[in-house]
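Q: Let me begin by handing over the structure; questions about it come next.
The values are calculated or read from the model by the stated rules, or taken from the named source; none is laboratory data. All values reported here derive from a predicted model rather than from experimental measurement. FYI the Cβ positions are ideal-geometry reconstructions off the backbone, even for glycines, and counts take in every protein chain you see. The accessibility values were calculated without ligands, DNA or RNA, using every heavy atom of the protein model including side chains. Shrake-Rupley method; radii C 1.70, N 1.55, O 1.52, S 1.80 Å.
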Amino acid sequence: MENLKEKTAKGIAWGAVNNGTTQVLNLVFGIVLARRLSEADYGILALITIFTLLAGCIQSAGFSQALANMRRPAQRDYSAVFWFNILAGSAIYVLLFCCAPLIARFFNEPLLTDVSRLAFLTIPISALGIVPNAKLWIELRNREMAIANIAGLTVSGCIGMWLAWHDWCYWSLAWQQVAYISISGLLKYVFTRWHPSFPIDLSPIRPMLRFSSRLLLTNILTVVSNNVLTFIFGKILPIGAVGQFNQANKWNTMGHSFISNTMAQVAQPVLANVGNEQDRQERVFHKMLRFTSFVCFPLMLGLALVAHEFIVLTITAKWEPCVPLLQILCVGGAFLPLHTLYQNFIISRGRSDMYLYCIALQIVLLIALTLLLAPKGIMAMVTAFSALNVVFTACWHLALNRIHPLPATTVLKDTMPFAVIALVCVATAYWSTLWTPVFWLRLTLRILITAILYLGIMKALHVKTLDECVDFIKKKR
């Protein structure tokens with residue numbers, strides 16, 4: 001049997017492959033589509049994203065995390081969750097299908113009626129794949145998850161590009177989403193070889209409700225928190241401005257979600273597997289915290305550094321207005337992977353209630369700040385959103401500290417040296433490349449200088465996290 005450390009390392013490695021390849025493919029497809037489609041095309045799909053995500057939260061209802069927290073989920077547990085997802089997903093789709101004209105009227109965009117009915121198909125289709133995905137996640141089978149996600153993204157991306165090339169406009173983005181959910185879900189079924197039991201028995205759902213209901217509400221609030229700006233912008237700003245923000249937020253999300261999703265794929269199962277061994281849980285958490293900081297700070301601050309050159313060179317100057325928005329979002333985005341670790345630690349201790357309270361507080365603060373700063377314009381609202389993500393890291397620490405004492409000084413030692421060194425490297429790369437007006441050369445030099453300086457300093461300081469990463473790569477050769 002593989003020990004937990006080896007399984008965790010493999011899980012992180014395959015999680016990195018999954019998310020790294022996903023981000024590269026999203027980069028390629030995103031560049032092609034952004035060059036072909038308009039700001040309005042992206043704005044139209046952005047307006048209905050919040051409804052799709054909220055529906056996804058309701059149909060999954062937090063049962064994946066509830067299954068992960070069970071020592072040995074049985075077939076009847078998985079089957080009950082499957083049938084609940086199917087029934088909930090179908091009911092939600094019918095409801096949203098009927099409400100599509102009201103959504104279009106709210107945003108004063110008649111086009112939304114038909115395109116939203118297509119995009120909402122992802123809800124019942126995704127219901128089919130929630131349990132297979134949960135099984136792969138709980139069993140740390142990140143290799144199979146990576147293959148399914150990468151294959152789904154590749155095929156759906158090609159479909160989206162083909163439709164965009166033939167002037168299907170915003171329809172190409174909607175069909176791309178439907179194709180991705182369908183293909184990746186089907187492959188996960190193939191890998192798990194799992195099938196639901198008959199007759200339908202929902203009784204195992206009841207014991208999970210206390211834990212999962214809090215996660216459901218928390219996930220709903222998280223979706224609202226992540227998409228409230230788009231929702232508000234869709235009501236008060238032109239559709240083109242919504243598209244510009246959506247483009248900036250997409251690249252920011254691609255950056256921080258690479259490390260967030262990688263750690264999320266292993267954090268809760270591993271921390272739950274450790275169980276009540278508090279000292280061991282704490283060691284695992286600190287190691288994950290250091291690795292996350294080692295990657296996320298140079299990645300996100302580096303993206304902010306090259307945002308202007310990257311946007312203009314890849315998706316053309318028509319998207320240049322999104323550059324300052326992207327740079328501001330990247331600062332807050334650098335702290336979001338840390339939030340993910342805190343959240344998974346709290347959930348692994350069975351405290352979904354604490355998770356709920358923190359998310360509720362965060363969204364209340366975000367909505368209050370957004371509405372307060374709305375008269376000052378989009379830059380003020382985005383800046384407040386990013387600043388809140390930075391400051392709220394302290395709130396997550398205080399919440400965890402109430403159920404598992406964790407010295408703030410230790411956490412600062414785990415994270416802030418990486419942030420300071422990354423900032424110094426980024427600043428050095430910025431000032432040392434101002435002399436060149438050639439965009440592609442400046443982009444290349446800034447990436448190289450930042451990477452060489454950062455890794456060189458890590459090596460000179462004998463940072464253990466870097467040595468562990470190098471040793472793991474050598475073992476896999």
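Q: Name every residue in the stretch 429-443 that is open to solvent by less than 60 Å² (accessible area, probe 1.4 Å) and part of a helix (DSSP H, G or I), in order of residue number.
A: 429, 432, 439, 441, 442, 443
Q: Separate question: Taking residue 127, is it modelled with pLDDT under 85, closer than 30 Å to residue 66 by Cβ and open to solvent by less than 30 Å² (accessible area, probe 1.4 Å)?
A: Taking the combined requirement at face value, the residue satisfies it.
Q: Being more than 18 Å from residue 227 (Cβ to Cβ), surrounded by fewer than 21 Cβ atoms within 10 Å (Cβ to Cβ) and among the aromatic types (Phe, Trp, Tyr), is that true of even one residue in the stretch 406-418?
A: Within the stretch 406-418, none of the residues are more than 18 Å from residue 227 (Cβ to Cβ), surrounded by fewer than 21 Cβ atoms within 10 Å (Cβ to Cβ) and among the aromatic types (Phe, Trp, Tyr).
Q: Same structure, new question: Out of 235, 188, report the one residue that is more than 30 Å from residue 83 (Cβ to Cβ), in a helix (DSSP H, G or I) and of a type in the set (Lys, Arg).
A: Unique residue meeting the criteria: 235.
Q: Select from the stretch 201-222 the residues that are in contact (Cβ under 8 Å) with a residue 12 or more places away in the chain, assigned to a helix (DSSP H, G or I) and open to solvent by 30 Å² or more (accessible area, probe 1.4 Å) and list them in ascending order.
A: 211, 213, 214, 216, 217, 220, 221, 222
Q: I'm told residue 382 meets every condition in (1) within 27 Å of residue 464 (Cα to Cα); (2) open to solvent by less than 20 Å² (accessible area, probe 1.4 Å); (3) assigned to a helix (DSSP H, G or I) except one. Can you identify the failing condition by its number?
A: (1)
Q: Does residue 136 satisfy the condition of being open to solvent by 30 Å² or more (accessible area, probe 1.4 Å), touching a residue at least 12 places away in the same chain (Cβ under 8 Å) and of a type outside the set (Gly, Ala, Ser)?
A: Criteria not met by residue 136.
Q: Turning to a different aspect of this structure: Restricting attention to the stretch 102-124, which residues are open to solvent by 30 Å² or more (accessible area, probe 1.4 Å) and either of a type in the set (A, V, I, L, M, F, W, C) or at pLDDT below 85 (or both)?
A: Once the filter is applied, which keeps residues that are open to solvent by 30 Å² or more (accessible area, probe 1.4 Å) and either of a type in the set (A, V, I, L, M, F, W, C) or at pLDDT below 85 (or both), the stretch 102-124 yields 102, 106, 108, 109, 111, 121.
Q: Here's a follow-up. Before we move on, is residue 207 farther than 14 Å from residue 131 by Cβ, at pLDDT below 75 and not hydroxyl-bearing (Ser, Thr, Tyr)?
A: yes
Q: Also, I was wondering about something else. For residue 299, work out the one condition from (1) touching a Ser or Thr at 6+ places or on another chain (Cβ under 9 Å); (2) at pLDDT 90 or above it doesn't fulfil.
A: That leaves (1) as the condition not met.
Q: Look through the stretch 314-335, keep the residues that are at pLDDT below 90 and farther than 23 Å from residue 377 by Cβ, and return whichever of them is surrounded by the most Cβ atoms within 10 Å (Cβ to Cβ).
A: Ranking the qualifying residues of the stretch 314-335, first place goes to 315.
Q: State whether one or more residues within the stretch 8-25 are modelled with pLDDT under 65, open to solvent by 40 Å² or more (accessible area, probe 1.4 Å), more than 18 Å from the chain's Cα centre (by Cα) and not aromatic (Phe, Trp, Tyr).
A: Yes, the stretch 8-25 contains a residue that is modelled with pLDDT under 65, open to solvent by 40 Å² or more (accessible area, probe 1.4 Å), more than 18 Å from the chain's Cα centre (by Cα) and not aromatic (Phe, Trp, Tyr).
Q: While we're on this one: I'd like the full set of residues that are open to solvent by less than 30 Å² (accessible area, probe 1.4 Å), over 22 Å from residue 44 (Cα atoms) and either hydrophobic (A, V, I, L, M, F, W, C) or not in a helix (DSSP H, G or I) (or both), limited to the stretch 141-163.
A: Listed by number, the residues that qualify are 145, 146, 148.
Q: Among the listed residues 182, 225, which satisfies the condition of being in a helix (DSSP H, G or I) and modelled with pLDDT of 80 or more?
A: The unique qualifying residue is 182.
Q: Filter the stretch 403-426 down to residues that are assigned to a loop (DSSP other than H, G, I, E, B) and of a type in the set (D, E, K, R), then give me how many there are.
A: Summing the residues that are assigned to a loop (DSSP other than H, G, I, E, B) and of a type in the set (D, E, K, R) in the stretch 403-426 gives 0.
Q: With the condition kept exactly as written, say whether any residue in the stretch 347-354 is open to solvent by 50 Å² or more (accessible area, probe 1.4 Å) and not in a helix (DSSP H, G or I).
A: Looking for residues that are open to solvent by 50 Å² or more (accessible area, probe 1.4 Å) and not in a helix (DSSP H, G or I), one finds at least one in the stretch 347-354, hence yes.
Q: Tell me, yes or no, whether the stretch 365-379 has at least one residue that is assigned to a loop (DSSP other than H, G, I, E, B), over 30 Å from residue 282 (Cβ atoms) and either polar (S, T, N, Q) or over 17 Å from the mean Cα position of the chain (by Cα) (or both).
A: yes
Q: Can I ask one more? How about the stretch 80-98: which of its residues are farther than 13 Å from residue 128 by Cβ and crowded, with 17+ Cβ neighbours inside 10 Å?
A: Result: 80, 92, 96.
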